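Below: one structure, written as structure tokens.
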Ligand code: KIV
Ligand code: ZN
């Protein structure tokens, strides 16, 4: 394999992933995730769609400023305003990429763009040339490529290359293609586009038929050298190609993929997956390949026996290779700050002094209530304390009444800018009563959209982790809370979400985000 033949990972978790319902993130969350994705070792981070909203513009700019040695891309339609906005957002980037796109299928031309084929060619030429005025690294995507006429697609890509594009992306926008067909398409394009050996062919698959990863790998075998994907496969509808599945397939089957590999540090895969999941509050399905809870769990006796004898009998990769920490007892009430910091670092969380102090306080508090503290307990603390941050409101004491012969009620103390306030409320149940009291104290107008409670680890003293999603003023926030008492966990999660909602910058002037 020549040095330049590695498979580039183009991570679009912050753009296509974030665009999917229930996966939106605020600016600090995007930055936290971008840092981790950079640490993972991807080649390009698509940080957003700069013209879509003020929030996206700010996110692209902030990621561009923060991330030094990974390319940072912004999406732009072919309109000059789009391209200029992307370029402006990318100004602080050390390695900027403008990613411009337009649809090429007749279906989209007729029903969406209302343009003829010639007009689309003009758009492509103009957008790519304009992009090249700002940076050398320009990617062009032919949206809905897999439902486009192949010869027209060749024409479009030739036009993009003549105007200066160096990466040609062939999206399966609606998840329609199949591995053999996609392989053929990539081969056809490489054969018919002059200078294709100097270009990077890229693929971008959606998972509507559950084929996104298979299609991506087939395209790699046809000569594509960039895979667009997302962490945990999040994305519009059924999602995008799952980054971890592609990376580990290449790693595990060099015999099939001609030794092609990515530059991803696979030991960062699991921490990245967990971080994303705790930021967006969307759990990974247990049987999800690579990062699901059961991905390495051998339930059948015969399998367990085999794995104990020799892991290779039933394990094609090790949990360690993706950075999955072993689930041993990690820390207890006598552990100090250094032990906690080291353990968190091993799990992929590098905290600054202030965040570490916050997590340490909560860790000590937890250790008083719980004898053994597992990695999952620590993850919940990080989710609550770091990802979710502090704000104006802080939960103080809490007293509830509930049962079969009393009206559920709660008295809650909240510190607002450091000053204690108390309120009492009744409700349909203790959680409802607590939320009502908190609502009264904080004056929030947010509505509860979703409430989930999950047991972390087993045992009588296990913690409950609560995730709430609230929305108000067209904004949406996710809060996490963990505690051995689920009512306290619920209160923490709710206050957490309110703090986050309060600190969100407006998305004034938003244009529709869908494309
Ligand atoms: O799915 C798609 O076609 C896209 C493009 C903008 C690359 O996300
Ligand atoms: Zn897409």
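When 94, 86 are checked against the criterion of being assigned by TED's automatic domain parsing to the domain that holds residue 206, within 16 Å of ligand 1 (Cβ to nearest atom) and under 28 Å from residue 39 (Cα atoms), a single residue qualifies: 86. Of all the criteria given as (1) within 16 Å of ligand 2 (Cβ to nearest atom); (2) at positive phi, the one not satisfied by residue 13 is (2).
Condition check ((1) within 14 Å of ligand 1 (Cβ to nearest atom); (2) surrounded by fewer than 23 Cβ atoms within 10 Å (Cβ to Cβ); (3) in the same structural domain as residue 262 (by TED's automatic domain parsing); (4) not in a helix (DSSP H, G or I)) across all residues:
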{"position": "16", "(1), (2), (3), (4)": "yes, no, yes, no"}
{"position": "39", "(1), (2), (3), (4)": "no, yes, yes, no"}
{"position": "46", "(1), (2), (3), (4)": "yes, no, yes, yes"}
{"position": "50", "(1), (2), (3), (4)": "yes, no, yes, yes"}
{"position": "56", "(1), (2), (3), (4)": "yes, no, yes, no"}
{"position": "76", "(1), (2), (3), (4)": "yes, no, yes, yes"}
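The set of residues in segment 158-181 being within 14 Å of ligand 1 (Cβ to nearest atom) and assigned to a helix (DSSP H, G or I) consists of 160 alone. Being crowded, with 24+ Cβ neighbours inside 10 Å and out of contact with any strand residue (DSSP E or B) (no Cβ under 8 Å at 6 or more places or on another chain) holds for only one residue in 27, 33, and it is 33. Going by what's in this entry, would residue 197 be described as away from ligand 1 (no atom under 16 Å from the Cβ) and free of Cβ contacts under 8 Å to residues at least 12 places away in the same chain? Yes; evaluated as a whole, the condition is true for this residue. Number of residues in segment 189-215 that are away from ligand 2 (no atom under 15 Å from the Cβ) and within 22 Å of residue 137 (Cα to Cα): the value is 11. Among the residues of segment 440-447, are any surrounded by 17 or more Cβ atoms within 10 Å (Cβ to Cβ) and modelled with pLDDT of 90 or more? Yes, there is a match, as at least one residue in segment 440-447 is surrounded by 17 or more Cβ atoms within 10 Å (Cβ to Cβ) and modelled with pLDDT of 90 or more.
Put simply, of 124, 60 the only residue that is part of a helix (DSSP H, G or I), away from ligand 2 (no atom under 16 Å from the Cβ) and farther than 21 Å from residue 171 by Cα is 60.
Scan segment 224-247 for residues that are in a helix (DSSP H, G or I) and surrounded by 23 or more Cβ atoms within 10 Å (Cβ to Cβ) and jot them down. Within segment 224-247, 231, 232, 233, 243, 244, 246, 247 qualify. Scanning segment 431-450 for any residue that is touching a helix residue (DSSP H, G or I) at 6+ places or on another chain (Cβ under 7 Å) and assigned to a strand (DSSP E or B) turns up at least one such residue.
The values are calculated or read from the model by the stated rules, or taken from the named source; none is laboratory data. Since we're looking at a predicted model, the values are computed, not measured. For neighbour counting, all protein chains shown are included, and Cβ atoms are generated from backbone atoms with ideal geometry for every residue, glycine included.
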